[in-house]
Amino acid sequence: MGWNLFRRYVLILAAAVLPLYGHDLPHEIRQTVSFRTEDGTATEEPLPVRRDLRSDRIFSYPFQINPTIEAFIDDYTTPEKLAYLQRSLDRAAYFRNHIEKVIKEKGLPAELIYLPLVESAYRVDAVSRSGATGLWQFMLNSIEPYDITVDQWRDDRRDFWRSTEAALEKLKYNYEKTGDWDLALAAYNCGLNGLRRTIAATGIDDYWELASKKQLPAETNRYLPKFLAISIVCSYGGRYGLDAGWEERPEWEQIELDRSVDLRLLSEQLGIDYGNLRLGNAELLYDVTPPADSGYALKIPVSHADSLNRALETSDEAFMEFYRYSIRTGDTLSEISEHYRVPLSLLYRYNRDLSPRSLRAGQTVIIPALADVPPYGSAAGEEKEFDGAYVVREGDSLWSISRQFETTPELLASRNRLPVNGILNIGMKLQVPLLE
């Protein structure tokens, strides 16, 4: 008697709590509960589902289990695939709170949190063979009309914040146009216009019927059942041995910058883990943020936001390091740019009067330290010993000889007691560095 009362109490409690804290998976998944009786016999009993207690925090995607989905569930619950899912979910921890928040704000199915797992295994740097990039795998030709910028500074397809906003808006639009989440998700994979043409040509507006009749691309035929299977396994990961993921997840905040910031210096001065900071701003092509007039907003853990705001009130270049290079005869901006791995636009940005047509010896160029590189030109040549000899030939100049021996005209002239603009005579012997 006591056991039966306890069993009924558990069933009633489960019926009340599951809709509040679990995803609204198909009725077939939740309609029975297994337990053992006092004599150890295994049995099942219907679960009294109370759909009226569904929480407004849960936006479930209704679907029906079928053999295709079951086959994918079997595949993704093998030890190898479960390990793959766990690694992906671990990567998701950095962005999960934000994505779940945006899903909720837009009133979309909660299971969409697992779509980046299907798309990219939650890798912000993922690039497909066709060039699709980022968590949500945007192609360059699909970033319009969304707030995604791809230029010489950044690729927002890798920006978890902007790409999430864009992807969910795209899914929402697909649903508004199709009225069906099966079709909306299929359209995300194969394109809305292509899907609509298929529907118009066949007169079929049911995903599963289109798939069974092979009217969809092969990848799209697998896309939806794969997503649904992963959603089921991950939503109820405890049943399959997946980590529940109770660890603390980062909360991010965007702070618009009024200057360029070097992420390496920022992480050191504010005590932020560089790897996490770089991951949170993976769209940056360099370790430095775009110029101030770009309107770029840095994503930073909420716990460090106040510290950054206070630090930004200090000197203009508090979070930037620079090389200072003195122009030598024969230097070109393109070669300097290539050596320091800095785009020409950035050289112009920090050197207002710089012009490739009016470079002059002795002119100082400020170069943002985007990469750790050895000195260029004269600084590198000064370290060399001039133990070699060279006989001047017709057509030679200090510039051509210095290039040949990886030094500078000024240094070559100095070591040979010659004026920089002096005339070289054929047959003259010069001291030059020994090449390795």
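The values are calculated or read from the model by the stated rules, or taken from the named source; none is laboratory data. It should be emphasised that the depicted structure is a prediction, and the values quoted were computed from it without experimental measurement. Quick reminder, even Gly has a Cβ in these numbers, built from the backbone with ideal geometry, and neighbours come from all protein chains shown.
Mind checking which residues of the stretch 224-267 are over 13 Å from ILE73 (Cα atoms), in contact (Cβ under 8 Å) with a residue 60 or more places away in the chain and not hydrophobic (A, V, I, L, M, F, W, C)? Break it down into steps so the answer makes sense when it comes.
Going through the stretch 224-267, the residues over 13 Å from ILE73 (Cα atoms) turn out to be 238, 241-267.
Retained after the next criterion (residues that are in contact (Cβ under 8 Å) with a residue 60 or more places away in the chain): 241-243, 245, 247, 249-252, 254, 259-260, 262.
Listed by number, the residues that qualify are GLY241, ASP243, GLY245, GLU247, ARG249, PRO250, GLU251, GLN254, ARG259, SER260, ASP262.
Look at the stretch 387-421 and say how many of its residues are touching a Leu at 6+ places or on another chain (Cβ under 8 Å), under 22 Å from SER326 (Cα atoms) and of a type in the set (Gly, Ala, Ser).
3
Let me spell it out: the conditions are (1) surrounded by fewer than 21 Cβ atoms within 10 Å (Cβ to Cβ); (2) touching a residue at least 12 places away in the same chain (Cβ under 8 Å); (3) out of contact with any strand residue (DSSP E or B) (no Cβ under 9 Å at 6 or more places or on another chain), and GLY179 meets all of them except one. Which number is the exception?
Of everything listed in (1) surrounded by fewer than 21 Cβ atoms within 10 Å (Cβ to Cβ); (2) touching a residue at least 12 places away in the same chain (Cβ under 8 Å); (3) out of contact with any strand residue (DSSP E or B) (no Cβ under 9 Å at 6 or more places or on another chain), GLY179 misses just condition (2).
Considering ASP287, ASP293, which residue is over 16 Å from PHE95 (Cβ atoms), in contact (Cβ under 8 Å) with a residue 12 or more places away in the chain and of a type outside the set (S, T, N, Q)? If you could, list the steps in order and put the result at the bottom.
On the way: ASP293 fails: in contact (Cβ under 8 Å) with a residue 12 or more places away in the chain.
Just a single option satisfies the conditions, and that option is ASP287.
So how many residues does the stretch 279-312 have that are among the polar types (S, T, N, Q) and buried (at least 20 other Cβ atoms within 10 Å of the Cβ)?
Of the residues in the stretch 279-312, the ones among the polar types (S, T, N, Q) are 281, 289, 294, 303, 307, 309.
With the extra rule that they be buried (at least 20 other Cβ atoms within 10 Å of the Cβ), the set shrinks to 281, 289.
Final tally of qualifying residues: 2.
Which ones in the stretch 396-410 are surrounded by fewer than 23 Cβ atoms within 10 Å (Cβ to Cβ) and not in a loop (DSSP other than H, G, I, E, B)?
TRP399, SER400, ILE401, ARG403, GLN404, GLU410
Taking the stretch 61-99, which residues are within 28 Å of the chain's Cα centre (by Cα), crowded, with 17+ Cβ neighbours inside 10 Å and more than 12 Å from ILE230 (Cα to Cα)?
TYR61, ARG91, ALA92, TYR94, PHE95, ARG96, HIS98, ILE99
Are any of the residues in the stretch 115-123 at negative phi, at pLDDT 95 or above and not in a helix (DSSP H, G or I)? I'd like the intermediate steps shown before the answer.
So in the stretch 115-123, the residues at negative phi come out as 115-120, 123.
Narrowing further to those that are at pLDDT 95 or above: 115-120, 123.
From what is left, the residues that are not in a helix (DSSP H, G or I) are 123.
So far as the stretch 115-123 goes, yes, one or more of its residues are at negative phi, at pLDDT 95 or above and not in a helix (DSSP H, G or I).
VAL391 - would you say it is at pLDDT 85 or above and in contact with a Gly (Cβ under 8 Å, 6 or more places away or on another chain)?
Details: at pLDDT 85 or above: yes; in contact with a Gly (Cβ under 8 Å, 6 or more places away or on another chain): yes.
Considered against the rule, which asks whether it is at pLDDT 85 or above and in contact with a Gly (Cβ under 8 Å, 6 or more places away or on another chain), VAL391 comes out as yes.
Going through LEU140, LEU185, LEU168 one at a time, which residue ends up being of a type in the set (A, V, I, L, M, F, W, C), in the same structural domain as ASN97 (by TED's automatic domain parsing) and surrounded by 21 or more Cβ atoms within 10 Å (Cβ to Cβ)? Walk me through how you get there before you give the answer.
Working: LEU140 fails: surrounded by 21 or more Cβ atoms within 10 Å (Cβ to Cβ); LEU168 fails: surrounded by 21 or more Cβ atoms within 10 Å (Cβ to Cβ).
Criteria check complete, one pass: LEU185.
Just give me the residues in the stretch 348-378 being free of Cβ contacts under 8 Å to residues at least 12 places away in the same chain and either more than 27 Å from LEU398 (Cα to Cα) or of a type in the set (Gly, Ala, Ser) (or both), in sequence order.
TYR348, ARG352, ASP353, SER355, SER358, ASP372
Looking only at the stretch 124-137, how many residues end up being part of a strand (DSSP E or B) and either surrounded by fewer than 22 Cβ atoms within 10 Å (Cβ to Cβ) or not assigned by TED's automatic domain parsing to the domain that holds LEU185 (or both)?
Going through the stretch 124-137, the residues part of a strand (DSSP E or B) turn out to be 127, 133.
Checking which are either surrounded by fewer than 22 Cβ atoms within 10 Å (Cβ to Cβ) or not assigned by TED's automatic domain parsing to the domain that holds LEU185 (or both) leaves us with 127.
Going through the stretch 124-137 one residue at a time, the tally reaches 1.
Checking SER345 against (1) of a type in the set (Ser, Thr, Tyr); (2) touching a residue at least 60 places away in the same chain (Cβ under 8 Å); (3) buried (at least 16 other Cβ atoms within 10 Å of the Cβ), only one condition comes out false. Which one?
Just one mismatch for SER345, condition (3).
Quick one: in the stretch 263-289, which of the residues that are among the acidic types (Asp, Glu), in a loop (DSSP other than H, G, I, E, B) and over 12 Å from ASP159 (Cβ atoms) is modelled with the lowest pLDDT? Reasoning before the result, please.
Within the stretch 263-289, the subset among the acidic types (Asp, Glu) is 268, 273, 283, 287.
Narrowing the set further to residues that are in a loop (DSSP other than H, G, I, E, B) leaves 273, 283, 287.
Keeping just the survivors that are over 12 Å from ASP159 (Cβ atoms) gives 273, 287.
Details: ASP273: 90, ASP287: 78.
Within the stretch 263-289, the match that is modelled with the lowest pLDDT is ASP287.
Checking the condition crowded, with 20+ Cβ neighbours inside 10 Å, part of a loop (DSSP other than H, G, I, E, B) and small (Gly, Ala, Ser), which residue from SER231, SER260 passes?
Working: SER231 fails: part of a loop (DSSP other than H, G, I, E, B).
That would be SER260, the only listed residue that is crowded, with 20+ Cβ neighbours inside 10 Å, part of a loop (DSSP other than H, G, I, E, B) and small (Gly, Ala, Ser).
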